[in-house]
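Reviewing the structure listed below.
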Amino acid sequence: MFMFEKAIAGSRRYWTWLFGLLCVTAAGFISYLYQLNVGLGVTGMSRDVSWGLYIAQFTFFVGVAASAVMVVLPYYLHDYKQFGRITILGEFLAISAVIMCCLFIFVDLGQPMRVLNIILYPTPWSLMFWDMISLSGYLVLNVIITLVMLTAEREEVPAPGWIKPVILLSIPWAVSIHTVTAFLYSGLPGRAFWLTAILAPRFLASAFASGPALLILFCLVLRRLTGFDAGQKAIEKLAVIVTYATIINIFFILVEAFTVLYGRIPGDVQHLEYLYWGLDGNYHLVPWMWLSISLGVAALILLLVPAWRTSPSLLPVACVFVFLSLWLDKGLGLIVGGFVPSPLEAVTQYTPTLPEWSIVMGIWAIGALLITVFYKIALSVREELGELAGVQHSIVPEAESHQAAPSIVSTRMQQAD
Amino acid sequence: MRDRIWIIAGLALFAVVVTAPFWSERTPAKDLTKVPNLVLPVNQKDCVAPVSYMRASHMVLLLRWREEAVRQGQRRYVAFDGKVYDKSLTKTCLGCHNKEQFCDRCHTYAGVSGPYCWNCHNQPQTNVAGISPRSMP
Amino acid sequence: MKITRKDFLRLSGLSFLAAGTLEAARAVAGSDSSAQNSPGKPSAQPVRWGMVVDVQKCRKDQGCDACIGACNSAHNVPHLADPKHEVKWIWTEPFENVFPFEQSEYAQQTDAGIPIPLMCNHCASPPCVHVCPTQATWKRDDGIVMMDWHRCIGCRYCMAACPYGSRSFNWVDPRPAIAHINPDFPTRTKGVVEKCNFCEERLAQGLRPACVEACPEKALVFGNLADPNSEPRQLLRKRFAVQREPELGTGPSIYYLV
Amino acid sequence: MNALYSVLVVLALVLAGLAGGRVEAGRAVLTLAVPYAALAIFLVGFFARVLRWAWVPVPFHIPTTCGQQKALAWIKPSKVDNPSSRWGVFARMAAEILLFRSLFRNNRARMAEKRLILGESKYLWLGALAFHWALLLIQLRHLRLFIEPVPAWIDGLERLDSFFQVGAPQIYLSDVIVLAALAYLLYRRFRDPAVRFISLFTDYFALFLLLGVAVSGVLMRYFVRVDILSVKQFALSLAAFHPIDPSTLNPLFLAHLLLVCTLAAYFPFSKLMHMGGVFLSPTRNLANDSRRRRHVNPWNYPVKKHTYAEWEEEFRDKLKAAGIPLEADDAGNARTN
């Protein structure tokens, strides 16, 4: 069996899961058709809060995509062997996340039919142009890398030499996607909340916390559901990365808060006020933002104590906390907080609507679907290789003829067009 | 042998589909060669380009006008016969032609659903007779 | 006479050069006459359209919205009931929201609550133009920040970039919300951004902006800021004027006489 | 060489179309005789070919399969890849016809590390799938020229195909895909020495002909631009058997028409017949139930049966005399016991 065949041969549980995801995707698609027909007015966005959940999700998942570098870098630059089994999981996570990002941008466009204008009229002074370049480039890089590496693994041949520089290129590229995404916001003169040099570092820190946390959760789920074991050492190392990134992220948030609050420039303070204390009687996001902080602190405590960090029951809790905390912070507060109050001091409440949530869930479902299929392929390839190795150890000649015969029979030369 | 019935049924279906245009009763044969009933401007003989060009390539002209008028601020169009027109879909084209009776009829006939012009541009209420091309300056 | 290869090359080179010079000359001459939409006569001198809003005059006529009405009907600006979906080209906001930092605790608050007419500032260095990924919005030579509604993809990056809240998005189809469609000006389609265009379509015909003509108090003064003798420049010489958030370096072309 | 010849033939056809459009007689032939003749050849040829196949006997079900056969209850059968029921066959045929399942299973053998490696090869599948679906979409879209008024679903297809607003006339995605896919399929024949070696004139000719049709169509829509009004008028008049003389038609249109007609007329004699043939693939359209059901060939001649019981009866006395035990009696004895 070949790589892509493995995606269409699975257990009942696998197919049920995929079917469920497809249903959510279909619901999202129907909502999108509704949005396409009526206009973005079906969302909760408004003249003052003109970006909402879509762009926030985009920002968050760019971080998840960039975080693949946290497994690629130790493995390829520092030869940290323990990550050998999970680099491909990180890269597949990156591919799925980048595709989700593109979809989030697409559904956010008022005129999606004209999306190609970005390419037809390239505008190098617009950061969005560079974001398009960096995201699509990162997607292409990761697709090439995973395809080549997994094929080499399946065929049990060394990967071609040219892939190494491509992998090395993907490391700074991962940093670039989140930096450029931060620059989308931090270069706008009128939006004090984003107009800060620490936005890009903060994005990276939060990405390197949330992405590896998600990866740990995936590894634990895979260990539960399949025979795949990422290795305790690898998971522990990832947990250490999450810990450091969480510390740095909280540090960055505090630095930012200090500058704004101690500096007391009203235009800067207002945004934090709106998010954490409420402004003009609008306390809409306050509980969520404090929940984010509480979850972040709780996760940090869990992660800081080595015994808890390595505990099989507490580590997933800490990872869920980190993920949720950062999702609330970046996937909700960061974008809305930048728009409220508006340049004309208006405080406009933003509440995502049902169609909006439905579309967002549809894109999550697509992401989950992709990651499921990708992991299924990767793990099946490994599983097969493992079985093959086991058989060959016991009865070498028979096993070889046995294994080879059906494949040769099925080798056909197709000439049809 | 038992399958022949299926094969023949499939072939019959294929024949029906392929020859659909020939037996389709949608339009009586005598009307088939009739062009859509286009209402042409009464008091205006000339267009901004020869009819043959306009029939085949009006969309290219419109797109060029759009770029030049909106983006480059060049609003005057010197036609092939030396007359000068405003580069304006609303004022120049629709000043003579009627959207429903001209544009739409042909587009519906040819199945060209495309143009999104009408999402924004309107049929002006101006008197058709009042519009005439300015002469060369 | 025999033309050698060398002669031939020299000749053809010269003719190319001549053609090129002609072409260049034509281009230079062409750029002069085009795109300068000065009302009345075409002029070679630089143009930067701008406006001076005399808040004193406007204040006298409380409740007057002639400028807004004129603009809305000229440009098919829809009137949407839902404030979240509003489309605004020219509108008013209370003084303290427009100039929040002109307020102080103890000084006399004469201006508090006064409606200030707002519109696109047609900045000298417009942030919206810098961010637009498709060049659907750009700055013309005459200072007008233009929009090409054919090209806008509706990403709303310009709305995030504009520090003045001057841009509106068509969250829904605007047509049902327009009482009387002015057929001479296009409506917009849903999903594009729009804003004040300084009535560039009227300027092209040698007319002044609709809001300026509609103002019964002549509180809106429009003219060429690059011309020292223009009406707005004379006003700015005589009286104290402010711009909105000049510290951002955007260089608004709208001045307020307070 | 094969490739060159086929290019030359296609070019000759294009030139014939272009040149024929310039003279009265040529136009008449191109617009009257050629289309009807091509359609007649296509239909008759197609039918004759399929019916000939229909009369070829299929002796018994062929269990050429790609999965576990239905066997014992605790062995999980592969219901689609090795179907035992009519519905399984239906699914397998649908996967074959709509998704090109067989091509998806392609692989590629190569030597590396001193051993044979079977790697996957999905590009042909991808190219073929893209080409066929885009071509179907293009054909359905063309119905707008033959049917008046245009049905809503064709309008919808056209809208979907030109979803992205690029240029005027708006670009069709299917046009881009069909050209890219054809270019890839052609490139594939040139690139691989093995494929190049087995490629015949007909392989190239079909590709170049399709490419010619696609390119001339794209030229007509985006670059040269013909008057769609007279094209539709002409198409409708053809369908009504009252062809008009399309003097206003662009020669490029006539070249396009000639290429299409050539394709139609060439179709029944070529490998393109896989369009009909794919439905008759015995290894795909038969259920693998040969071990569960008795298949009797309906055309078998009647076999004269002579059972042992009859034979024993015939020679009963002689057998008895020879002392050979008789089965009939034994059975009788056994019963009495």
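Would you mind stating whether residue A:148 is closer than 30 Å to residue A:375 by Cα, surrounded by fewer than 21 Cβ atoms within 10 Å (Cβ to Cβ), at pLDDT 95 or above and more than 14 Å from chain C (Cβ to nearest Cβ)?
No, not satisfied.
Of the conditions (1) assigned to a helix (DSSP H, G or I); (2) under 30 Å from residue D:113 (Cβ atoms); (3) in contact with a helix residue (DSSP H, G or I) (Cβ under 9 Å, 6 or more places away or on another chain), residue A:181 satisfies every one except a single condition; which number is it?
Of the numbered conditions (1) assigned to a helix (DSSP H, G or I); (2) under 30 Å from residue D:113 (Cβ atoms); (3) in contact with a helix residue (DSSP H, G or I) (Cβ under 9 Å, 6 or more places away or on another chain), the odd one out for residue A:181 is (2).
Within the stretch D:37-64, track down each residue that is loosely packed, with under 12 Cβ neighbours inside 10 Å and basic (Lys, Arg).
Passing the criteria: only D:52.
Say whether the condition of being over 48 Å from the mean Cα position of the chain (by Cα) and either more than 30 Å from residue D:16 (Cβ to Cβ) or open to solvent by less than 90 Å² (accessible area, probe 1.4 Å) (or both) is met by at least one residue in the stretch D:284-294.
no
Go over the candidates D:157, D:145, D:210, D:219 one by one and state the one that is open to solvent by 50 Å² or more (accessible area, probe 1.4 Å) and farther than 30 Å from residue D:110 by Cα.
Going through D:157, D:145, D:210, D:219 in turn, just one is open to solvent by 50 Å² or more (accessible area, probe 1.4 Å) and farther than 30 Å from residue D:110 by Cα: D:219.
Tell me, which residue of the stretch C:153-186 that is under 24 Å from residue B:99 (Cβ atoms) and crowded, with 24+ Cβ neighbours inside 10 Å is nearest to the other protein chains (Cβ to nearest Cβ)?
That would be C:170.
Looking only at the stretch D:284-302, which residues are at pLDDT below 80, polar (S, T, N, Q) and within 15 Å of residue B:3 (Cβ to Cβ)?
Within the stretch D:284-302, just D:297 meets the criteria.
Please work out which residue is nearest to the chain's Cα centre (by Cα), limiting yourself to the stretch A:262-277 and to residues that are surrounded by fewer than 15 Cβ atoms within 10 Å (Cβ to Cβ) and without any contact (Cβ under 8 Å) to a residue 12 or more places away in the chain.
Going through the qualifying residues, I end up with A:277.
Could you check, for the stretch C:196-217, whether at least one of its residues is acidic (Asp, Glu) and assigned to a loop (DSSP other than H, G, I, E, B)?
yes
Within the stretch B:39-52, track down each residue that is in contact (Cβ under 8 Å) with a residue 12 or more places away in the chain and within 11 Å of another protein chain (Cβ to nearest Cβ).
Of everything in the stretch B:39-52, nothing turns out to be in contact (Cβ under 8 Å) with a residue 12 or more places away in the chain and within 11 Å of another protein chain (Cβ to nearest Cβ).
For residue D:224, all conditions in the list (1) within 12 Å of chain B (Cβ to nearest Cβ); (2) out of contact with any Phe, Trp or Tyr (no Cβ under 6 Å at 6 or more places or on another chain); (3) crowded, with 19+ Cβ neighbours inside 10 Å hold save one; what is the number of the exception?
If we test residue D:224 against (1) within 12 Å of chain B (Cβ to nearest Cβ); (2) out of contact with any Phe, Trp or Tyr (no Cβ under 6 Å at 6 or more places or on another chain); (3) crowded, with 19+ Cβ neighbours inside 10 Å, just (3) comes out false.
Could you tell me which numbered condition residue A:104 fails, if it satisfies all but one of (1) within 14 Å of chain C (Cβ to nearest Cβ); (2) farther than 20 Å from residue A:372 by Cα?
Going through (1) within 14 Å of chain C (Cβ to nearest Cβ); (2) farther than 20 Å from residue A:372 by Cα one by one, residue A:104 breaks only (2).
Got a number for residues in the stretch D:196-206 being assigned to a helix (DSSP H, G or I), farther than 12 Å from residue D:267 by Cα and open to solvent by less than 40 Å² (accessible area, probe 1.4 Å)?
Result for the stretch D:196-206: 2.
Please pick out the residue among D:175, D:155 that is in the same structural domain as residue D:35 (by TED's automatic domain parsing), part of a helix (DSSP H, G or I) and closer than 29 Å to residue B:37 by Cβ.
Checking each option against the conditions leaves just D:155.
Among the helices (runs of 4 or more DSSP H) confined wholly to the stretch D:86-142, which include 3 or more residues that are of a type outside the set (Ser, Thr, Tyr) and open to solvent by less than 30 Å² (accessible area, probe 1.4 Å)?
By residue number, D:86-99, D:123-142.
Please go through (1) under 26 Å from the mean Cα position of the chain (by Cα); (2) at the interface with another protein chain (Cβ under 7 Å from one of its Cβ atoms) for residue D:211 and return the number of the only condition it doesn't satisfy.
(2)
Mind telling me which of the residues C:150, C:130 ends up being farther than 25 Å from residue A:185 by Cβ, out of contact with any strand residue (DSSP E or B) (no Cβ under 6 Å at 6 or more places or on another chain) and without any contact (Cβ under 8 Å) to a residue 40 or more places away in the chain?
So the residue among C:150, C:130 that is farther than 25 Å from residue A:185 by Cβ, out of contact with any strand residue (DSSP E or B) (no Cβ under 6 Å at 6 or more places or on another chain) and without any contact (Cβ under 8 Å) to a residue 40 or more places away in the chain is C:150.
Name the single residue, out of those in the stretch A:314-338 being surrounded by fewer than 22 Cβ atoms within 10 Å (Cβ to Cβ) and β-branched (Val, Ile, Thr), that is nearest to residue A:182 (Cα to Cα).
A:320
The values are calculated or read from the model by the stated rules, or taken from the named source; none is laboratory data. It should be emphasised that the depicted structure is a prediction, and the values quoted were computed from it without experimental measurement. Reconstructed Cβ throughout: ideal geometry from the backbone, glycine too, with neighbour counts over all protein chains shown. What goes into the accessible areas is simple: the full protein's heavy atoms, side chains included, and nothing from ligands, DNA or RNA. Shrake-Rupley method; radii C 1.70, N 1.55, O 1.52, S 1.80 Å.
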